[in-house]
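Peer 1: Below: one structure in C-alpha cells.
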Amino acid sequence: MRRAVCPGSFDPVTNGHLDIIARASRLYDVVHVAVMINKSKQGLFGVDERIALIEEVTADLDNVVVESFHGLLVDFCKQRDIPAIVKGLRAVSDFDYELQMAQMNIGLSGVETLFVPTNPAYSFLSSSLVKEVAQWGGDISHLVPGPVLEALNSRLRQR
Ligand code: ADP
C-alpha cells in the first residue's frame, strides 16, 4: 500500500486543501489527512469539528482517512508507515518555509515531501483569509465547500 499524508490546521478546510487532497488521492492508495492539534492556538473550529467537516467533504474519496495529530509529523508518519508528505505550494512566499520543513523532516526520519502546484484558482486562498472575509460578510461561496460555508456562517453568527 502506498501511503501519503496531507497535514495542516484546516480551520476550516477550503477548496484549495480539497484540491490537493483529491489530487493526492489519485496518486496514492491511502491518503491520511492529519489535522494538527495546536494547544497554544485556539481555532474558530475545534479539532473534532474540523475532522467532521473534512470527512463530510471528502466522503466521495474512499481512500482518504482523516485523523488528528500532535507532536512531530514524522512520528505520525513512522507509526503508520507513511513515506511521503504531500503539500500544496501556493506561491514563492510558501517556498522558504516549506523547503526548511521538508529538509528537516527528511533529515529527522527519511520521510520525503512532495510539492504539488496549487490550482491557480486557489493560489491566494488560505483558511485565515476565508475567515476574515466571511467575518465581514464577503462572499466566499466559491472558495469553500457547501458544508463549510454553512458551518462558517453559523459559527460567525454565534459570535
Ligand atoms: P492555511 O491556514 O494557510 O490554509 P493549513 O495549515 O491549513 O494552512 O494548510 C495546510 C496545507 O494545505 C498547506 O501547507 C498547503 O500545503 C496546503 N494548502 C493550504 N491552502 C492551500 C491552497 N489554497 N492551495 C493548495 N494547497 C493549500
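Peer 1: Run the helix sum for the chain: -39,500 (n - 2.57) per DSSP H stretch of 4+ residues, divided by residue count, reported at 222 nm to the nearest 500 deg cm²/dmol.
Peer 2: Taken over the chain, the calculation gives -14000 deg cm²/dmol.
Peer 1: Would you list which lysines come within 26 Å of Lys131, measuring only between C-alpha atoms, while excluding same-chain residues fewer than 8 positions from it?
Peer 2: Filter leaves Lys39, Lys41, Lys87.
Peer 1: Rank-order 142-152, 32-42 by packing density, defined as the average count of other C-beta atoms within 10 Å over each peptide's residues, highest first.
Peer 2: 142-152, 32-42
Peer 1: I want the antiparallel fraction of DSSP beta bridges within the chain, as a percent rounded to 5.
Peer 2: If I count the DSSP bridges inside the chain, around 0 percent turn out antiparallel.
Peer 1: Distance in nm between label sites at Ser93 and Ala52, each 7 Å beyond Cα in the beta-carbon direction?
Peer 2: My value for the distance between the label points is 3.3 nm.
Peer 1: Now, a different point. To the nearest 0.05, what FRET efficiency results for Asp29 and Ser141 with a Förster distance of 30 Å applied to their C-beta separation? The partial results should precede the final answer.
Peer 2: Values: r = 33 Å, r/R0 = 1.11.
With a Förster radius of 30 Å, E is 0.35.
Peer 1: If you don't mind, another one. What does the charge count around Ala151 come to, taking other residues whose C-beta lies under 15 Å from its C-beta (Lys +1, Arg +1, Asp -1, Glu -1)? Intermediate results must be reported in sequence, preceding the final value.
Peer 2: Working: positive: Arg50, Lys131, Arg155, Arg157, Arg159; negative: Asp11, Asp48, Glu49, Glu55, Glu56, Glu150.
After counting each charged neighbour, the total is -1.
Peer 1: Write down Rg/Rh for segment 28-159, rounded to two decimals, with Rg from the C-alpha atoms and Rh from the Kirkwood relation over Cα pairs.
Peer 2: Details: Rg = 16.0 Å, Rh = 16.6 Å.
My calculation puts Rg/Rh at 0.97.
Peer 1: I'd like to know which of Ala22, Val57, Val74 lies farthest towards the positive end of the charge dipole of segment 1-156, counting +1 on Cβ of Lys and Arg and -1 on Cβ of Asp and Glu.
Peer 2: Farthest along the dipole direction, towards plus: Val74.
Readers should treat all values here as calculations from the given coordinates under stated rules, not as data from a laboratory. Because the structure is a prediction, the values reported are computed rather than measured. Cβ: placed from backbone, ideal geometry, glycine included. Neighbour counts: every protein chain shown.
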